[in-house]
1. What ranking do B:126-134, A:225-233 get when scored by the average of other Cβ atoms within 10 Å per residue, highest first?
2. Could you work out the relative contact order of chain A, using alpha carbon pairs under 8 angstrom and six or more residues apart, expressed as a whole percent?
3. What are the label-to-label distances in nm, one decimal and shortest first, from A:K84 to the same spot in the other copies, with labels 7 Å along Cα to Cβ?
4. Restricting attention to the alpha-carbon atoms of the stretch B:86-174, what are Rg (one decimal) and Dmax (integer), both in Å?
5. Nearest 10 degrees is fine. How inclined is helix B:303-312 to the longest principal axis of chain B, computing both from alpha carbons?
6. Using a 1.4 Å probe on the protein chains only, how many percent of the accessible area of the stretch A:17-253 belongs to carbon and sulfur?
7. Checking the cross-link filter: which lysines have an alpha carbon closer than 29 Å to that of A:K87, excluding same-chain neighbours under 8 positions apart?
8. Which whole number in µm²/s is D for chain A by Stokes-Einstein, with the Kirkwood Rh taken over Cα pairs at 20 °C and 1.002 mPa s?
2 protein chains.
Amino acid sequence: MREIYLDNAATTRPLAELKEVYAAYAEEAWQNPSALYACATRVQKQIDGAKETLLHAFGGQGHKCFFTSCGSESANTVILRGAKQKKNMHYVCAGAEHPCVEESFKFLQSVGCGVTFVQTNKNGVVSPEAVAGAVNENTALVSVMHVNNETGAKNDVERIAALVKARNPQALFHADGVQAFCKEHLQNTSNIDYYTVSAHKLHAHKGTGAVFYKDHTPIKPYILGGGQENGLRSGTQNTLGILSFAAAAEYFEKRVDPGYMRILRDAFLNECSNIPDVAVLSPENEEDACAHIVNISVLGVNGETLLHTLEAAGIYISTGSACSSKKGKSRIAAALGLSQEEAAGAVRISFSPFNTKEEVCVAAREIAKNTAVLRKFMRK
Amino acid sequence: MREIYLDNAATTRPLAELKEVYAAYAEEAWQNPSALYACATRVQKQIDGAKETLLHAFGGQGHKCFFTSCGSESANTVILRGAKQKKNMHYVCAGAEHPCVEESFKFLQSVGCGVTFVQTNKNGVVSPEAVAGAVNENTALVSVMHVNNETGAKNDVERIAALVKARNPQALFHADGVQAFCKEHLQNTSNIDYYTVSAHKLHAHKGTGAVFYKDHTPIKPYILGGGQENGLRSGTQNTLGILSFAAAAEYFEKRVDPGYMRILRDAFLNECSNIPDVAVLSPENEEDACAHIVNISVLGVNGETLLHTLEAAGIYISTGSACSSKKGKSRIAAALGLSQEEAAGAVRISFSPFNTKEEVCVAAREIAKNTAVLRKFMRK
């Protein structure tokens, strides 16, 4: 059966090119990068090269990089070990963040820190002024995701960071860049103290993340031990994951047309506009919406049922982020302030550069067809 | 040039068989295991199957398993998030543990917990009675490594755990099993509350570890977020790493002769006995020494210099664990109470089932040859 994978915000198929990265790793780059002999120090040099590649893709301006095991560990490290620990610490966090960010702030609350959560609009966009307005003289760290993993809302993290610094130059700014990295480009990263990313959203492997941090910005290790990654992340480096991550970032830079996924999005939404009673939960304005994640609510239909009827046709989408799929989607629906009907009918469609316009149009037409059938059932 | 890799305690070459695991992962098991469609839930089932394989290899008795990114994260999780948090917590730790264990306990000390470090003997073996003697009524957790990564000392963790429980049934017991897993087998795991392991010491990939824990034993997540791994470790699972880990454990169970590495060790030490002034830092008694790690001190020679002269002959060994190689080896030398001369001349040789008797004899003869030359230089 023809398969159309449109759940690229959950994870992506590894690039075919990574097969060669694997072969090279398994043959000659499997040694422990901390060992003292030359074939091992060569591995460390490859890891250092991967950092350069990723920092370049990020557009680092005085930034450094260390590798972690995933986006969640990266965000945990920044939020729980970034900023200088002092009394009366205060934090600001946007209201519809990924659970790895939200849970880190809840942990800080549980140990007595003050955290202000700033509500987003219904599409997941947070107001830069509202974030800056929540900053006070004790604010140690502000965290706003670059692209929302549920709605594809794009936050202007450059502007938010600048406003935060204008309000309190001591406050540090973190952007969760997991869904944005290599897809949404930053012009000016100079006010972004920490930016956290993940490899497997980019057609590399699960098991590798990174933290970009400004040189001299406070950061301590979260995983303690042998002091790898310049003392910032212990544990033997996942060389295969790291080299694959860099290869994928290079692939995106050199071989992916930055406008291509916008074409897919427009084609998909255009096709969906023929379906009655569909609410687009993603932001309407192009500057507020990334190209690769669309969230629509098919009113009167249960999103999970729709997911499974599409699955029967070989089309894979989600009802929300995979990491919250098993817990239901109440958390994010509440954060966005969706109605019960909107939340029930919400499905997320997410594109990759490997999807075709035909695929997304087929998917939209299948949604239309199944919606018509499901609505008949619902009426019975 | 012929290459002889004898640094298998630092890391191991991936099994050739893992190429097929990679191909299967990249083709049909790359979906997000938390997604709701069938091809993703199949991935979750493969991960669950890997847990069964690993629990079987461990000899679990009422144990469960969750995956992490490495042995360091596993140990951090157990030490910093295992045991119930209460006032006046006390911990016991052996004296020559891996930095991921030692640093975790130092962190607990820094936040006001009491930690008793129990000195090992010169070979890295800790006395079971001394460990049990350090346990008091407030002891929450005791940690002793199964096989020492520097000397290959084997601790009788079954007996230590039983003595700890006899002294305080509420105290929980953790064994760092990173160097022991699938190489040293446990008869009775019923008193071992936590056992932590790593894939890349076993000819699988870097980037995957696991925690075996007794069902109903307290354990909280260290990496916070989407609640993967039954809420115990957030972050999208590293499916490739996990399936490779299970494949390697099966390989060890089915295809590795458990007595083979003992033959390598005996042959190596026999050959070394011809070199004058060599102190064997590993335990003498077979029951106290694992088969795959040997530490010798070539007195009057600098270990690092010896390492590089062997490297020139295509033979790879280490002066100590890779994770401390860049910090020097003062930490472990102090823990073991080595003399300055012993510490300076120490080199670690570690075997894998893929080494041959000829290889280890060639290595020993090269050590003899280089030692003679280096000692001449030193005398000049």
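The values are calculated or read from the model by the stated rules, or taken from the named source; none is laboratory data. All values derive from a computational prediction rather than experimental measurement. So basically every Cβ, Gly included, is an ideal-geometry build from the backbone, and we count neighbours across all protein chains shown. Side chains included, ligands, DNA and RNA excluded: accessible areas come from the protein's heavy atoms. Shrake-Rupley method; radii C 1.70, N 1.55, O 1.52, S 1.80 Å.
1. Descending mean neighbour count gives A:225-233, B:126-134.
2. RCO, chain A: 23 percent.
3. Those separations, rounded to one decimal, come out as 4.0 nm.
4. Radius of gyration, then largest Cα-Cα span, for the stretch B:86-174: 12.2, 36 Å.
5. 90
6. 48
7. The reachable lysines, counting only those whose Cα sits under 29 Å from A:K87, are A:K64, A:K106, A:K165, A:K214, A:K220, B:K84, B:K86, B:K87, B:K106, B:K220.
8. Result for D is 100 µm²/s.
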